[in-house]
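Student: I'd like to ask you about the structure that follows.
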Amino acid sequence: MELNGTLALVTGGSRGIGRAIALELARRGADVAINYNSNSAAAEEVVAEIEAMGRKAVAIQGNVADYASAGNLVKQAKEALGGLNCLVNNAGITRDKLLMAMKEEEWQSVIQTNLSGVYNVTQQAIRHLLRNRETGARVINITSVSGRVGVPGQANYSAAKAGIIGFTKAVAKEVSKRKILVNCVAPGFIETDMTAALNQSMVAGAVEMIPCGRLGTSQEVALAVAFLAGPGGTYITGQTLVVDGGLTM
C-alpha cells in the first residue's frame, strides 16, 4: 500500500472530516494517532476501525489551543507510533456571528483553536518531522474556502483559515529543503454534523451556488489529503488544494 511506513497524527480525528482522513490514511497503510478534545468514545471507535484494518492506532486526548497540551499530544503520538512523519492539522471550531454582535471570547476561541492550534502542534512536531531525512515528511493543514473568499458571519473563522494559508506558505519555504512538504486542503460546503444542523433552506441556497450541484463529502476531502500525503504529492508544497465543487472558481 502506498502509505506503508507513514506514521500520522490527525488532530480533531474523532469525527467528521478528521475521522474520514484518519480512516483513509489507514486504508492506504498508515498507522494513525487520533487526537480528540472531549469525545473519547468517538475516538476509540475510529481506533477500533483502524485496528480492524490491521494497522496501529491510538486515541490521544489533547486541546490544541493550549501549547503545553499540544506538546504532550505530539510527544504521546510519537511514542505510541514509534515516530512521526505526517501531521494533519484538522482540529477546529466555529462561533459564527455577525461582527457587530461577536463577543471577544467568540473571536479569541476560534483564533486560538483554529489558527494558534496549528502553530502549537506544528511548532512542537517539527523537530520530529525533521528526523525523517531520507524519506521526508508531510504537513497537511485543513483550511477552508472561508479563508479564501470570506463569509458573512464568520469574520473569526475566515480570519483563522486565511491565516492557516499564510502559515502554510511560510513554513513550506522554511522546511522544503529538509524534505518536509507543507500544504493545505480547503473544503467548501461538506456534509458534516455542522451542515446537518443548518436550516435546510440555507443548505439548498448553498447548493445552488455550487457548480457541481451538491455538497461534498468528508471522504472526498480525505482523498485529497491522502493524495498530498502519498507519492502523488512529492513535488507539491506551499499550495492550497480546494475541494469545493467549483464554488470559488
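The values are calculated or read from the model by the stated rules, or taken from the named source; none is laboratory data. Just so you know, these numbers come straight off a predicted model, no measurement behind them. Heads up, the Cβs are rebuilt from the backbone with ideal geometry, glycines too, and the neighbour counts pull from every protein chain shown. To get the accessible areas, we keep the full protein, side chains included, count just its heavy atoms, and leave off ligands, DNA and RNA. Shrake-Rupley method; radii C 1.70, N 1.55, O 1.52, S 1.80 Å.
Student: Excluding PRO152 itself, what net charge comes from residues whose Cβ is under 11 Å from its Cβ, given Lys and Arg +1 and Asp and Glu -1?
Tutor: Summing Lys and Arg as +1 and Asp and Glu as -1 gives 0.
Student: Additional query: For region 22-127, what's the radius of gyration and Dmax over Cα atoms, in angstrom?
Tutor: For region 22-127, the Cα radius of gyration and maximum Cα-Cα distance read 15.3, 51 Å.
Student: For the chain, max minus min Cα coordinate along each principal axis, in Å, sorted largest first?
Tutor: The Cα atoms of the chain stretch 48, 37, 34 Å along their principal axes.
Student: Quote to one decimal, in nm, the extra length available between SER109 and LYS177 on full extension: 0.36 nm per residue of separation minus the C-alpha distance between them. Numbers along the way, then the final one.
Tutor: Numbers: separation 68, 0.36 × 68 = 24.48 nm, distance 3.42 nm.
Additional length available on full extension: 21.1 nm.
Student: Let me ask you something else. Find how much the distance from TYR67 to GLU220 grows on full extension, using 0.36 nm per residue of separation minus their present alpha carbon separation; answer in nm with one decimal. Please report the intermediate quantities before stating the final value.
Tutor: Values: separation 153, 0.36 × 153 = 55.08 nm, distance 3.08 nm.
Result for the pair: 52.0 nm of gain on full extension.
Student: Would you work out if region 94-154 is rounded, prolate or oblate? Take a ≥ b ≥ c from the square roots of the eigenvalues of the alpha-carbon gyration tensor; rounded if a/c is under 1.5, else prolate when a/b is larger than b/c, oblate otherwise.
Tutor: Details: a/c = 6.28, a/b = 2.37, b/c = 2.65.
In terms of gyration-tensor shape, oblate.
Student: Something else: Mind putting a number on the dipole of the chain about its Cα centre? Charges go on the C-beta only, +1 for Lys and Arg and -1 for Asp and Glu, and I need it in Debye to the nearest 20.
Tutor: Values: 23 positive and 20 negative charges, 192 e Å.
For the chain, the charge dipole is close to 920 debye.
Student: Could you report the accessible area of MET102 in Å², rounded to 10, computed with a 1.4 Å probe on the protein chains as they sit in the structure?
Tutor: Looks like 30 Å² after rounding.
Student: Next question, about the same structure. Please report, for the Cα atoms of region 95-212, the Rg to one decimal and the Dmax as a whole number; what are they, in angstrom?
Tutor: Expressed in Å, the Cα Rg and Dmax of region 95-212 come to 16.8, 52.
Student: Expressed as cubic angstrom per residue, what is the convex hull volume of the alpha carbon set of region 60-107? Don't jump to the answer; show the numbers that get you there.
Tutor: Values: hull volume 4.1 nm³, N = 48.
Taking the convex hull of the Cα positions in region 60-107, it is 86 Å³ per residue.
Student: Keeping every protein chain in place, order CYS212, CYS86 by accessible area at 1.4 Å, biggest value first, i.e. largest first.
Tutor: Details: CYS212 95, CYS86 0 Å².
Highest to lowest solvent-accessible surface, that is CYS212, CYS86.
Student: Could you compute the FRET efficiency for ASN4 and ALA206, with r as their C-beta to C-beta distance and R0 at 45 Å, rounded to 0.05? If you can, show how the numbers build up before the last one.
Tutor: Details: r = 39 Å, r/R0 = 0.86.
Efficiency, rounded to the nearest 0.05: 0.70.
Student: Across every pair of different alpha-carbon atoms, what Kirkwood hydrodynamic radius in Å does region 1-40 reach? Intermediate results must be reported in sequence, preceding the final value.
Tutor: Values: mean 1/r = 0.1001 Å⁻¹.
Answer for region 1-40: a Kirkwood hydrodynamic radius of 10.0 Å.
Student: May I ask you to derive the relative contact order of the chain, considering only C-alpha pairs under 8 Å and at least 6 residues apart, and to give it as an integer percent?
Tutor: Numbers: 519 pairs, mean separation 47.1, N = 249.
Over the chain, the number comes to 19 percent.
Student: Write out the chymotrypsin sites (Phe, Trp or Tyr not before Pro) in region 144-247 meeting two conditions: DSSP loop, and at most 12 other Cβ atoms within 10 Å of their Cβ.
Tutor: Answer by residue number: TYR235.
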